[in-house]
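Engineer: Questions regarding the structure given below will be posed in turn.
The values are calculated or read from the model by the stated rules, or taken from the named source; none is laboratory data. Remember, predicted model here, so these are calculated numbers, not experimental data. Note that we place each Cβ from the backbone using ideal geometry, even for glycine, and neighbour counts take in every protein chain shown.
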Amino acid sequence: MLIVASPATVAVAYDCLFPYSTGGGERQYRAFADEMGARGLDVEYLTAVQWDGDIPSERNFRIVPVSRRLSLYGADGVRRIPAALAYAAGLFRSLGRSRGRYDAVIVSGLPIFNVYAARLALLGTRTRVVVDYLEVWHRRQWVEYSGLITGTIAWLLQRGAIAITPLATCHSQLSATRLRREGLRRAPLVSPGLIDGAVDAAPTAPASQPPYVLYAGRHIPDKRVESLPAAVAEARTTIPDLRLTVLGTGPTSARIRAEVDRVHGSGWTDFPGFVDDAELDALMHGALALINPSRREGYGLVVVEANAHGTPVVLVADEGNAATELIDEGVNGVVAPSTSPTDLARAIRAVAHGGDDLRRSARAWYDTAVGTRTIRRTVEGILSALQLSTAPAPRTTKEDTP
C-alpha cells in the first residue's frame, strides 16, 4: 500500500514580490517561498497587486493578492502609512477567511502593521506565526525617519508587535540584540545567511581600467550616496584616473548631482540609472570596489553579490548597519569609520592597494559563504523550529515489498 502524507500549507506575507517589485526584502521572501515549495510544502504568497493582467503563475508557490496595487513610498522615499494600513487590512481579511487553512504563516515585521493583522486574524487557531524582522529600529531611528510624533508612535507599535511575536527570525546579531532590548520574550532564530544560490559570475579578474567605484541602489537619505563624490575626489589625489559610477535613482538624486558639481566631478562621474541584470553583472565584475555608505542595512546581500565577482566592498560603520558583520577586514572589503571624504578615500585606497590578491580573497570568502550562509539553510532552520516536515515522500509498507 502506498501512503502519501499531505504537505504542510504555509503562507508567506509581504506587500512586495520580486521581480514585480525590486529590493532586498522582495527577493528574500520570494526565495523563502521558492525554497519551501521546492521542498514539497504547499506555499501561498500573500501580497499586493504589482502586475498588469492576470495573476502570474509561479512554479513553486501560488500568488494570492490580498490588496490592490499600492503606492508604497512617498516622494521623500519614506514608506506611506496609508499603503501599509491598506495591505495590513487586506492581509487581515485574507487570513480571516482562511482560518485553519495554514499550518504556518511567515509574515514580514516591516511594515509593523503586518504583525498585528496576522496575530489578530489567526487568534485562537493552531496556525504557527513566524515574524521575520528585516530590521529593528530604536526610537531615535524612527524619529529621524518619520518625525517626532509619527516616529514615536511607530516605535511604540514596533515594541507592541515584538511583544506579541511568538517566534521571531532575523538575519544579523545586530537585529537579534535589538529584538531582545525592545521586548522579545524568547531568543530569536538568527539565520545563517540569505544567499539564494550561487551567483553565475565570470572568473575573478583585475579591476577595469580606468578604475571605478560602484554604487548600486536607491537614492534615499539613509543610503547617504551624496557622500561619495567628495570621497572619490579625495581619493583621486593618489588615484588620478579613478571614476565614480552611481546606479539607481530616488529622492536624493538631485542632491547627489549637486555634490558632483560642487567637487567638479562631472567629467569622472557616470549616472546610468537602473540597468538590466547583464549590465549590472558586468559593472559589478569590473569595479575596483562596490561602495555603500548606508547608515542602516538589515543584512547586506550586496556584499555577497559583489564578492561573488571578486569585487571588494567598502562599507561605513554605523550602529544600524548590520552589513558590516559580513566584512572580514582586508579579506573581502574594508569598513570606513565614517562617511567623511578622508575616511572613505582611505578605504578606497586600501582596496586599490590590495589589488588582485584582495580580489582573489574576496572571491574565496564568497566560495565559503555560498556553502553555509544560504536561504536553504535559513529555511531549514525555520521549518525545524516549526516542526514542519518537508518534501513528503511516498512510504512503502512491507506488503508492497517484493
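Engineer: Assuming LEU383 fulfils every condition listed in (1) touching a strand residue (DSSP E or B) at 6+ places or on another chain (Cβ under 8 Å); (2) outside the structural domain of LEU228 (by TED's automatic domain parsing); (3) not charged (D, E, K, R) apart from one, which condition is it?
Structural biologist: The one condition LEU383 does not meet is (1).
Engineer: Got at least one residue in the range 224-233 being surrounded by fewer than 21 Cβ atoms within 10 Å (Cβ to Cβ), closer than 16 Å to GLU319 by Cβ and not assigned by TED's automatic domain parsing to the domain that holds THR9?
Structural biologist: yes
Engineer: Determine if the range 8-28 includes at least one residue that is farther than 25 Å from TYR133 by Cβ and either crowded, with 19+ Cβ neighbours inside 10 Å or of a type in the set (Phe, Trp, Tyr) (or both). Write out each step before concluding.
Structural biologist: Initial filter on the range 8-28 (farther than 25 Å from TYR133 by Cβ): none.
No, every residue in the range 8-28 fails to be farther than 25 Å from TYR133 by Cβ and either crowded, with 19+ Cβ neighbours inside 10 Å or of a type in the set (Phe, Trp, Tyr) (or both).
Engineer: Okay, next question. Note down all Cβ pairs under 7 Å where the first residue falls in the range 157-173 and is over 15 Å from VAL107 (Cα atoms), the second is in a strand (DSSP E or B) and not small (Gly, Ala, Ser), and they're at least six residues apart or on different chains.
Structural biologist: GLN173/VAL190
Engineer: Here is a check on your reading of the model: is ASP367 at pLDDT below 95, of a type in the set (Asp, Glu) and either under 29 Å from PRO7 (Cβ atoms) or within 16 Å of the chain's Cα centre (by Cα) (or both)? Explain how you work it out, then say what you get.
Structural biologist: Numbers: at pLDDT below 95: yes; of a type in the set (Asp, Glu): yes; either under 29 Å from PRO7 (Cβ atoms) or within 16 Å of the chain's Cα centre (by Cα) (or both): no.
Criteria not met by ASP367.
Engineer: Could you list, in sequence order, the residues of the range 336-364 that are of a type in the set (A, V, I, L, M) and crowded, with 17+ Cβ neighbours inside 10 Å? Before the answer, list the steps.
Structural biologist: Step one: filter the range 336-364 for residues of a type in the set (A, V, I, L, M), giving 336, 344-345, 347-348, 350-352, 358, 362, 364.
The answer is ALA336, LEU344, ALA345, ALA347, ILE348, ALA350, VAL351, ALA352, LEU358, ALA362.
Engineer: Now, a different point. Does any residue of the range 151-162 turn out to be at pLDDT 95 or above and closer than 30 Å to THR368 by Cβ?
Structural biologist: Checked against the condition, which is being at pLDDT 95 or above and closer than 30 Å to THR368 by Cβ, the range 151-162 yields no hits at all.
Engineer: Look through the range 195-211, keep the residues that are part of a loop (DSSP other than H, G, I, E, B) and within 20 Å of the chain's Cα centre (by Cα), and return whichever of them is modelled with the highest pLDDT.
Structural biologist: Step one: list which residues in the range 195-211 are part of a loop (DSSP other than H, G, I, E, B), which gives 196-211.
Cutting the leftovers down to within 20 Å of the chain's Cα centre (by Cα) gives us 196-200.
Values: ASP196: 84, GLY197: 72, ALA198: 64, VAL199: 71, ASP200: 75.
Here the residue is ASP196.
Engineer: Being small (Gly, Ala, Ser), more than 27 Å from PRO82 (Cβ to Cβ) and surrounded by 14 or more Cβ atoms within 10 Å (Cβ to Cβ) is the requirement here; does ALA207 meet it? Let's see the steps before the verdict.
Structural biologist: Details: small (Gly, Ala, Ser): yes; more than 27 Å from PRO82 (Cβ to Cβ): yes; surrounded by 14 or more Cβ atoms within 10 Å (Cβ to Cβ): yes.
Against the criterion (small (Gly, Ala, Ser), more than 27 Å from PRO82 (Cβ to Cβ) and surrounded by 14 or more Cβ atoms within 10 Å (Cβ to Cβ)), ALA207 qualifies.
Engineer: Being surrounded by fewer than 19 Cβ atoms within 10 Å (Cβ to Cβ) and either of a type in the set (Phe, Trp, Tyr) or in contact with a Cys (Cβ under 6 Å, 6 or more places away or on another chain) (or both), is that true of even one residue in the range 269-289?
Structural biologist: yes
Engineer: Further, regarding this structure: Could you please give the count of residues in the range 177-203 that are surrounded by 14 or more Cβ atoms within 10 Å (Cβ to Cβ), under 28 Å from ASP34 (Cβ atoms) and touching a residue at least 40 places away in the same chain (Cβ under 8 Å)?
Structural biologist: Number of matching residues: 11.
Engineer: Something else: Looking only at residues that are under 16 Å from LEU110 (Cα atoms), among the β-branched types (Val, Ile, Thr) and out of contact with any Asp or Glu (no Cβ under 9 Å at 6 or more places or on another chain) in the range 41-83, which one is surrounded by the most Cβ atoms within 10 Å (Cβ to Cβ)?
Structural biologist: Result: VAL78.
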